[in-house]
1. Using only the alpha carbons, work out the radius of gyration and Dmax of the chain in angstrom.
2. Counting helices only, and only those DSSP H runs with n ≥ 4, report the 222 nm mean residue ellipticity of the chain as the sum of -39,500 (n - 2.57) divided by its residues, in deg cm²/dmol to the nearest 500.
3. Place the peptides 251-257, 553-559, 457-463 in order of packing, highest mean first, counting for every residue the other Cβ atoms within 10 Å and averaging per peptide.
4. Can you give the local net charge around R306? Use residues other than it whose beta-carbon is closer than 14 angstrom to its beta-carbon, Lys and Arg +1, Asp and Glu -1.
5. Pairs of Cα atoms under 8 Å, at least six residues apart: use those to get the relative contact order of the chain, whole percent.
6. When ligands, DNA and RNA are left out and all protein chains stay put, how many square angstrom of accessible area per residue does the chain have with a 1.4 Å probe?
7. Apply 1/(1 + (r/R0)^6) to the Cβ-Cβ distance of D202 and N549, taking R0 = 51 Å, and write down the FRET efficiency to the nearest 0.05.
8. How do T422, T114 rank by accessible surface area computed with a 1.4 Å probe, from largest to smallest?
Amino acid sequence: MPDPESISLSTLITDREGKVLRAFLTPEGAWRFRTNLDHIDPAFLDALLRIEDKRFEHHFGVDPLAVARAVTQLIRSGSTVSGASTITMQVARLLNPRPRTIWSKIVEATRALTLELRLEKRQILELYLTLAPYGGNLEGIRAATLAYFGKEPAHLTASEIALLIAIPQSPEARRPDRYGDIARRERNVVLTRLAALGMIDDVTHAVAEKSTIPSVRRKMPFSAPHLARRLTRESRDVLVRTTIDAELQKRIEQHLQVWLAGQERHVNAAVIVAEATSGAVLAHIGSADFFDTSRAGQVDLSRAVRSPGSTLKPFIYAMAIEDGLLDPRTIVVDSPGFASSYNPDNFAGIYSGEITAAEALRNSLNQPAVQLMERLGPERFMGRLKRAGITPVLPNSAEGPGLAIALGGIGLTLEDLVSLYTALGSDGHVRPLTFRSDDGTKPLLPLINAGPAWEVQNILTGLSGPSDHSRPMAWKTGTSYGYRDAWAIGLVDGHVIGVWVGRPDGTPRPGHYGRNAAAPLLFDVANLLPQERALSERSPPDDWPPMRNRPLPAALKFFPPRPVGTDTQQLGFSINLPSEGAVLDLAGSSGVTLLATGGRRPFVWLVNERPIPSSRHRRDVWWEPRGSGFYDIVVLDADGKSARAELEIR
């Protein structure tokens, strides 16, 4: 007889409460789940023993009274009226099936005695409820209730109890999905016996007999498929309890199906929700549709290495605050050519001139971020990420970390980013993501101090979002070069939400960027979170008075620091044309956009000493010259400072 411990079982991946997320077939192709009596409806267990083996707790594997009764009935009637098999004998037969003969009965009885010597009664009953056949490749009560009722066997109706007792007596002939009339008739026979035994009252009996029989087999649960597949490959455990919240996971999966219907071909998304204080992952969606091959649905896009765009800028600012280089009120300069060795354009091609650090971060301006990265040092920044357990991937062409890191010039995964943002949502320490409930507490990995982390989160909370979002959320978007990847990361009610949107093959999506492609999905997911938490601003660390409540030191009024007496309004104030003269050929165009960098709004524009129409609070103006010739262009700011450029139009 096979060792009960050697039985192959289906691997079950469950959520944090034990609800099945996904199940895997045994090597033989069966749905066979380990049974724990603590998770079975006690009413079912009582009914099963009264119907199948009422002296189960007292016999030693063979019930002499049942054998005597069966033999007597056989002699009197000449045919079998009732069987004498105990549950233990049925387990012996299920472990080693044999032809149904008298000799087989003797062998089963002998093996039943052996089982009783080796196992406790509870173990035998659990073994029976693991192996009992329920039609097709369904074995055990848990597989049966999931397939026929779509639920666990913890709470069952009288009708369900009777059906679950009736099916194993002739599993193929009584399959409710194929032979509903037979299954209903045999269920009612069991209900009548339960009523006769006083286990159900007349009203329950009448209602149960009128209950419908399940006409189809439900599909086994199939949630968090990418994570389930990964955990199955990483462990030989047949039961893996994850940190996932099944209800939240299901809500997000269903929302992504609706979202996907409005996307163009090949576009996909990945979403992760984690607890900021522990790193425990509550929802994990590796792709919006696992079965959509046109979108590479079976690829776990949460682990795909991609350019993170501007999503690392908050950590640059936090490190600068930590180093004493910056205050949220510090004036930084957003002007082309202000950084020394790497001068990227802003996303919209418009520059803000002098602006506070807080606004520069909220607006995701490139020049200030590059200036700060230049001061911090890209090697040092990379070292901080690695110390926090993140492994950035440099482009193959890069000899080492460069200033482009500030704008996404490295490769990270969505899991990396969500883990990094736990530092902003807690005390500056990164929480490595955990997926299993038995992972235990992982060591916290230092990234930045708690005070700067709070300051940056507070800055990002000031970003406006969709009007239907009622919760305060700190959030940041990112767009990789060529519009290949759109990102949105949010901190809300103790959760970190990470969203990636793009094409799995990395092809560009012009016009789709973090704010319009990923941010709406971020806010949708935030609205799906549980509502039990108070909607309040996270308090600053005890030893960190908010910088906004402190006097701004003179040394932090500007970044980079300026010599005492510098004309601050004039510094960096210019027009986006070379002051020594420029020549423009306007063939095919009626005008040109002029742009002021630096200075303080509102602005007044003059061409050849005559004002031109402009919006006084915009930095740019559209100017249509009257014809070819030389033009003298002047812009005046709110303090009377001026910038001049000479231009020749041909």
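The values are calculated or read from the model by the stated rules, or taken from the named source; none is laboratory data. Worth saying up front: this structure is predicted, and the values here are computed from it rather than measured. Reconstructed Cβ throughout: ideal geometry from the backbone, glycine too, with neighbour counts over all protein chains shown. Calculation scope for accessible area: heavy atoms of the full protein, side chains included, ligands and nucleic acids excluded. Shrake-Rupley method; radii C 1.70, N 1.55, O 1.52, S 1.80 Å.
1. Final numbers for Rg and Dmax: 35.1, 125 Å.
2. Working: 18 runs with 197 residues, N = 650.
After summing the helix terms and dividing by the residues of the chain, the value is -9000 deg cm²/dmol.
3. Values: 251-257: 17.6, 553-559: 14.6, 457-463: 19.3.
Packing order, densest peptide first, comes out as 457-463, 251-257, 553-559.
4. -1
5. Normalised by residue count, the contact order of the chain is 11 percent.
6. Solvent-accessible surface per residue comes out at 46 Å².
7. 0.10
8. Working: T422 0, T114 60 Å².
Ranking T422, T114 by accessible area, largest first, yields T114, T422.
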